[in-house]
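*Asks:* This is the structure I have questions about; it appears just below.
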Amino acid sequence: MSTITHAIAAPAPGAPLAPTTIERRDLRPDDVLIDIAYAGICHSDIHQAKEDWGQAIFPMVPGHEIAGVVAAVGSDVTKYRVGDRVGVGCMVDSCGECEYCQAGREQFCVKGNVQTYNGVGYDGENTYGGYSQQVVVKDAFVCRIPEGIDLDVAAPLLCAGITTYSPLRQWGAGPGKKVAVVGLGGLGHMAVKLAAAMGAEVTVLSQTLKKQEDGLKLGAEHYYATSDESTFEVLKGQFDLILNTVSAKLPIDAYLGLLRIGGAMVNVGAPGEPLSYSAFSLLGGNKVLAGSMIGGIAETQEMLDFCAEHGIGSEIELISADRVNEAYERVENSDVRYRFVIDTATIGA
Ligand code: NAP
Ligand code: ZN
C-alpha cells in the first residue's frame, strides 16, 4: 500500500510554502518507511525553492536533514528494524556500481545520485523531501542515529554536519592546525563544533561580533568581524585551512590572503552567483582553493558516530510547520541560531 502523508510544499519558485499531501511509494524489498520526527531547514532548501541554482521541480517539498523512526521495512532489509532511530540526508539513491559509488562517494555517482527532493528517481518519479511526516528510502541511504543524540538536534547533522565534517577530515583539521570558519550559520556552527572536537584551533570570521559569545561557547578560540577591515591585516597568513560556509558571494582574494603558505580554502557555500579570484592570490604561496559537496553514506555514519562520541548535536530553534516561511526569511537575514528544525508532527495539524 502506498502511503499518503502530510507535507509542506513550495508550489512555485519563490512562492510561500503551504501544507499539502503527497504519496510515498509502496515498499520495495530494500526500502525503509520512516516516520519523520524532525526536519532541518538548510539554506540549500531556500536556494532551491527560489530557483537560485537554475531550473527546479515544483511543487517542491524541501528537506534533506531528516530524523525519525523506522515504521516498516521491505522484505530484504536486514540492517534496520521497526523502531530504529534513523536519518536521511541529501541523497536517496545512486547507481552503486561506478568507481565513486564503490569508493563510498555516492555524491559523485557517474549516473548522478538521486537527490532527496527536487530530483528524479531512477524510476522516473519526482522526489519529495523531509518537510513531511513519512518518507520511503532505500536502506543503503539510511543512516543510524546513535543513542545519546536526540533526534531534533541530530536532524541537521545529516547535511550541515556531514558537509562540514567531510572537508575538515579531508584537509586535516586537528591538533596544531589553525582553522577559520567563515559564516556562523547552520553549517558554520557545526564546523566550529566539529573542528574544535577534532583538536584544531578554531577562529570564526563572521560579518559582525553579534554572535561572538556563542561562537566561543561552541568551541572557537578566536572571533573576528569581517566588516572590520583590520581583521584582514591582523590575520594575514595565519590559517592552514579556511572553510567558507557563506551562502552569498565573498571577496575570495581577501580570504586567500589569510592562508599560510600551502594553506587551503575550501568552499562549501553555494551562492547562485559565480565567485572570482585573482590567479596571483594562489600563486603567491602555493595556496589551494577547493570545494566540497556533502559526503558519502559511510562517512555520514562515521560523522554521526563521531558526534555521539563527542556529545555533539546542532544548536536548534524548533518550530511548528506554520512558521516555515518566517524561518526562511530569518535564515536569509543571517538571523538563525543556528538551525531551524521543523517538528513534523505539526504538519497538517
Ligand atoms: P546559513 O545558516 O544561512 O548560514 C550562512 C551564513 O553565512 C550566515 O549565517 C552568515 O553568517 C553568513 N552570510 C550570509 N550572507 C552573507 C553575506 N552576504 N556576506 C558574508 N557572510 C554572509 O546557511 P547554511 O544552511 O549554513 O548554508 C550555507 C551555504 O552552504 C548555502 O549556500 C548552502 O546552499 C550551502 N550548502 C552547501 C552544501 C555542500 O554540499 N557544499 C551543503 C549544504 C549547504 P554570519 O552572520 O556569521 O556572517
Ligand atoms: Zn543542506
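The values are calculated or read from the model by the stated rules, or taken from the named source; none is laboratory data. Bear in mind that the values here come from a model prediction, so they are computed numbers and not experimental data. Here the Cβ positions follow ideal geometry from the backbone for every residue, glycine too, while neighbour counts run over all protein chains shown.
*Asks:* Quick check on this structure: which one of Asp93, Asp123, Asp139, Asp150 is under 21 Å from Leu187 (Cα atoms) and among the acidic types (Asp, Glu)?
*Replies:* On the way: Asp93 fails: under 21 Å from Leu187 (Cα atoms); Asp123 fails: under 21 Å from Leu187 (Cα atoms); Asp139 fails: under 21 Å from Leu187 (Cα atoms).
Checking each option against the conditions leaves just Asp150.
*Asks:* In the set Tyr80, Tyr100, which member is under 12 Å from Ala140 (Cβ atoms) and of a type in the set (Phe, Trp, Tyr)? If you could, list the steps in order and put the result at the bottom.
*Replies:* Numbers: Tyr100 fails: under 12 Å from Ala140 (Cβ atoms).
Answer to the check: Tyr80.
*Asks:* Right, something else. Being closer than 22 Å to Ser44 by Cβ and among the β-branched types (Val, Ile, Thr): is that true of Val288 here?
*Replies:* No, not satisfied.
*Asks:* Val86 - would you say it is away from ligand 2 (no atom under 16 Å from the Cβ), under 26 Å from His189 (Cα atoms) and either in contact with a strand residue (DSSP E or B) (Cβ under 7 Å, 6 or more places away or on another chain) or in contact (Cβ under 8 Å) with a residue 60 or more places away in the chain (or both)?
*Replies:* yes
*Asks:* Of the residues that sit in segment 140-184 and are of a type in the set (Gly, Ala, Ser) and outside any helix (DSSP H, G or I), which one is surrounded by the most Cβ atoms within 10 Å (Cβ to Cβ)?
*Replies:* Of everything passing the filter in segment 140-184, Ala180 is surrounded by the most Cβ atoms within 10 Å (Cβ to Cβ).
*Asks:* Take segment 105-121 and flag every residue that is assigned to a loop (DSSP other than H, G, I, E, B), closer than 23 Å to Tyr80 by Cα and free of Cβ contacts under 8 Å to residues at least 40 places away in the same chain.
*Replies:* Asn113, Gly121
*Asks:* Go through the residues of segment 340-348 one by one and say whether even a single one is touching a residue at least 60 places away in the same chain (Cβ under 8 Å), surrounded by 21 or more Cβ atoms within 10 Å (Cβ to Cβ) and closer than 22 Å to Ala196 by Cα.
*Replies:* For segment 340-348, residues touching a residue at least 60 places away in the same chain (Cβ under 8 Å), surrounded by 21 or more Cβ atoms within 10 Å (Cβ to Cβ) and closer than 22 Å to Ala196 by Cα: absent.
*Asks:* Turning to a different aspect of this structure: Looking only at segment 171-194, which residues are under 13 Å from Phe239 (Cα atoms) and of a type in the set (A, V, I, L, M)?
*Replies:* Ala173, Val179, Ala180, Val181, Val182 - these are the residues of segment 171-194 that are under 13 Å from Phe239 (Cα atoms) and of a type in the set (A, V, I, L, M).
*Asks:* Then there is this: How do the pairs read when you match residues in segment 1-19 that are closer than 14 Å to Tyr128 by Cα with residues anywhere that are in a strand (DSSP E or B) and of a type in the set (S, T, N, Q), using Cβ under 6 Å and keeping only pairs 6 or more apart or on different chains?
*Replies:* Once the first residue is closer than 14 Å to Tyr128 by Cα and sits in segment 1-19, its partners that are in a strand (DSSP E or B) and of a type in the set (S, T, N, Q) give Thr3/Gln134; Ile4/Thr21; Thr5/Ser132; Thr5/Gln134; His6/Thr21; Ala7/Thr20; Ala7/Ser132; Ala9/Thr20.
*Asks:* Another question, then. Of everything in segment 34-74, what is part of a strand (DSSP E or B), surrounded by 24 or more Cβ atoms within 10 Å (Cβ to Cβ) and hydrophobic (A, V, I, L, M, F, W, C)? Give them in sequence order.
*Replies:* Of everything in segment 34-74, those that are part of a strand (DSSP E or B), surrounded by 24 or more Cβ atoms within 10 Å (Cβ to Cβ) and hydrophobic (A, V, I, L, M, F, W, C) turn out to be Ile34, Ile36, Ala39, Met60, Ile66, Ala67.
*Asks:* Right, next: Can you find a residue that is touching a residue at least 24 places away in the same chain (Cβ under 8 Å), in contact with a Phe, Trp or Tyr (Cβ under 9 Å, 6 or more places away or on another chain), away from ligand 2 (no atom under 15 Å from the Cβ) and over 23 Å from Lys50 (Cβ atoms) anywhere in segment 313-324?
*Replies:* Within segment 313-324, one or more residues are touching a residue at least 24 places away in the same chain (Cβ under 8 Å), in contact with a Phe, Trp or Tyr (Cβ under 9 Å, 6 or more places away or on another chain), away from ligand 2 (no atom under 15 Å from the Cβ) and over 23 Å from Lys50 (Cβ atoms).
*Asks:* In the list Ala49, Ala9, Ala39, Ala56, which residue meets the criterion of being away from ligand 2 (no atom under 16 Å from the Cβ) and either over 20 Å from the mean Cα position of the chain (by Cα) or not β-branched (Val, Ile, Thr) (or both)?
*Replies:* Of the residues listed, the single one that is away from ligand 2 (no atom under 16 Å from the Cβ) and either over 20 Å from the mean Cα position of the chain (by Cα) or not β-branched (Val, Ile, Thr) (or both) is Ala9.
*Asks:* Residues in segment 190-208: is at least one closer than 24 Å to Gln301 by Cα and within 10 Å of ligand 1 (Cβ to nearest atom)?
*Replies:* Looking for residues that are closer than 24 Å to Gln301 by Cα and within 10 Å of ligand 1 (Cβ to nearest atom), one finds at least one in segment 190-208, hence yes.
*Asks:* So, one more: Need the failing condition index for Asn267 against (1) in the same structural domain as Gln207 (by TED's automatic domain parsing); (2) within 12 Å of ligand 1 (Cβ to nearest atom); (3) more than 30 Å from Gln102 (Cβ to Cβ); (4) without any contact (Cβ under 8 Å) to a residue 60 or more places away in the chain, just the number.
*Replies:* Here Asn267 clears every test but (3).
*Asks:* A follow-up question, please. Report yes if Leu187 is buried (at least 22 other Cβ atoms within 10 Å of the Cβ) and within 20 Å of the chain's Cα centre (by Cα), otherwise no.
*Replies:* Yes: the conditions hold for Leu187.
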